[in-house]
Amino acid sequence: MASAATNFSPSLRTKQQIPISKPSFFFYSTSKNNHLRFKSNNFPSHSVSTARNSRICATSSRVMDPSAAKSEPTLPTTVEVDLGNRSYPIYIGSGLLDQPDYLQRHVHGKRVLVVTNKTVAPLYLDKVVDALTRGNPNVSVESVILPDGEQYKDMDTLMKVFDKAIESRLDRRCTFVALGGGVIGDMCGFAASAFLRGVNFIQIPTTVMAQVDSSVGGKTGINHRLGKNLIGAFYQPQCVLIDTDTLNTLPDRELASGLAEVIKYGLIRDAEFFEWQEKNMQALLARDPSALAYAIKRSCENKAEVVSLDEKESGLRATLNLGHTFGHAIENGVGYGQWLHGEAVAAGTVMAVDMSYRLGWIDESLVKRVGDILKQSKLPTAPPEIMTVDMFKSVMAVDKKVADGLLRLILLKGPLGNCVFTGDYDRKVLDDTLRAFCKS
């Protein structure tokens, strides 16, 4: 029996100069061919009411004038992730680690454990400890410094977090703080979800990848040798604090890797954002502060809206995984840490777009635009030569989006900014795409 496809065609409106996305309210309708569809209606405000009287919002305060006197702290942009009584803010701005109130207001109890890695600790650990304790002498801070890299996102490394927490006799009133990129955020969040059956935690992402994607939405976990992120939990933070100054120390390769997730938002749901990226990619690569701040903000607004509507990935949230099914297979196939996550996702996105075109769902011009923007971003547009058809298939068979033995994929369909999450596709077309990108 064919699997139902879920169509997603949201749109985001913008204001002049500083575009601010407005959320779309999605509701289900079942058509005659039993394809489950999401429809969208644009509303004139940043919040809408559902039948259950819950609020869905992705609000943002105005970005401050960059010419303002530096002696006065600037207010951050705030994007709200609305999940009822588990809602939380995403603070975005320059110099936020020098404004301790934003961290301290979300700390529970008097004990804090900062989880970071050997790369980030020398750069920002002291600053974070100061932000947690300045004018707040009752708070004591412990830290655990993990090795750096995707290859350490495993159970053995996770146990080091638990070891430190137990040795320090932390209790249920403690707060875990994730200081680092996506690997640290995922592991710290998973540890927080499991330690004493759940303690408070805060995300302080320091990479583009983490700032625009992985720190938002509560996905936590570790890898297994057979597949990526197969062990984990949905567990939301108390806040996400994005100090854009931390990107000043980010290597160019890591910067480019994070842009793969930024590009994703434009392809699946925000055509105007994609068009902005096409015009501003060089500014992003040159680390223009205004361009980076806008790209982070707009990405967070998209992610916050999706998470508010589908926290545990029953349909809509799965579309955020465009290119990830192919990409995760690449990461696993070459060995975790050999390719950065965004590099694998970029190549995977090209493969998903190729398959969408072979199915007749998009036109050739969109295929070219995707290839062009990824090349402009200095990202790979094909998997490594080591990957074979059989390697892809064996890893994809245990992907989290497999349901009842059927591999569901996120594919583009229709104009820019539209996609489907579906298992209803010709299996021969998937084979054709795999063979097109693999030598064997």
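The values are calculated or read from the model by the stated rules, or taken from the named source; none is laboratory data. Only a predicted model underlies this, so the values are computations on that prediction, with no experimental measurement involved. Counting neighbours? That spans all protein chains shown, and the Cβs are built from the backbone with ideal geometry, glycine included. Just so you know, the surface numbers come from the protein's heavy atoms only, side chains and all, with ligands and any DNA or RNA stripped out. Shrake-Rupley method; radii C 1.70, N 1.55, O 1.52, S 1.80 Å.
Data overview
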| item | result |
| --- | --- |
| Test: residue in the stretch 149-158 that is in contact with a helix residue (DSSP H, G or I) (Cβ under 8 Å, 6 or more places away or on another chain), modelled with pLDDT of 95 or more and either of a type in the set (Val, Ile, Thr) or assigned to a loop (DSSP other than H, G, I, E, B) (or both) | yes |
| Close pairs (9 angstrom Cβ cut-off, 6 or more residues apart or separate chains): in the same structural domain as Glu364 (by the TED database) in the stretch 412-440, open to solvent by 60 Å² or more (accessible area, probe 1.4 Å) and small (Gly, Ala, Ser) anywhere | Gly423/Ala2; Asp424/Ala2 |
| Output for the stretch 395-407, where each listed residue is touching a residue at least 60 places away in the same chain (Cβ under 8 Å) and either assigned to a helix (DSSP H, G or I) or more than 18 Å from Leu267 (Cβ to Cβ) (or both) | Val395, Met396, Val398, Asp399, Lys400, Ala403, Leu406, Leu407 |
| In the stretch 296-321, residue farthest from Gly423 (Cα to Cα) [restricted to those that are among the hydrophobic types (A, V, I, L, M, F, W, C) and more than 13 Å from the chain's Cα centre (by Cα)] | Leu309 |
| Residue count, the stretch 285-305 (criterion: surrounded by 18 or more Cβ atoms within 10 Å (Cβ to Cβ) and without any contact (Cβ under 8 Å) to a residue 40 or more places away in the chain) | 1 |
| Some residue of the stretch 313-320 being open to solvent by less than 20 Å² (accessible area, probe 1.4 Å) and without any contact (Cβ under 8 Å) to a residue 12 or more places away in the chain | no |
| Which listed residue is among the charged types (D, E, K, R), under 21 Å from Ala191 (Cα atoms) and open to solvent by 10 Å² or more (accessible area, probe 1.4 Å), from Arg169, Arg105 | Arg169 |
| Filtered residues of the stretch 133-148 (kept if in contact with a helix residue (DSSP H, G or I) (Cβ under 6 Å, 6 or more places away or on another chain) and either of a type in the set (Phe, Trp, Tyr) or not in a strand (DSSP E or B) (or both)) | Asn136, Val139 |
| Hits in the stretch 373-385 - residues which are of a type in the set (A, V, I, L, M) and either outside any helix (DSSP H, G or I) or touching a Leu at 6+ places or on another chain (Cβ under 8 Å) (or both) | Leu379, Ala382 |
| Residue tally, condition surrounded by fewer than 20 Cβ atoms within 10 Å (Cβ to Cβ) and touching a residue at least 12 places away in the same chain (Cβ under 8 Å), over the stretch 120-131 | 6 |
| Condition broken by Asn229, with the remaining ones in (1) closer than 16 Å to Gly342 by Cα; (2) modelled with pLDDT of 95 or more satisfied | (2) |
| Test: residue in the stretch 82-97 that is of a type outside the set (A, V, I, L, M, F, W, C), part of a helix (DSSP H, G or I), in contact with a strand residue (DSSP E or B) (Cβ under 9 Å, 6 or more places away or on another chain) and over 13 Å from Ile204 (Cβ atoms) | yes |
| Number of the exception - Asp363 against (1) surrounded by fewer than 23 Cβ atoms within 10 Å (Cβ to Cβ); (2) of a type outside the set (Ser, Thr, Tyr); (3) touching a residue at least 60 places away in the same chain (Cβ under 8 Å) | (3) |
| Residues that are over 24 Å from Asp98 (Cβ atoms), touching a strand residue (DSSP E or B) at 6+ places or on another chain (Cβ under 8 Å), of a type outside the set (D, E, K, R) and open to solvent by 50 Å² or more (accessible area, probe 1.4 Å), drawn from the stretch 132-166 | Gln151, Tyr152, Met155 |
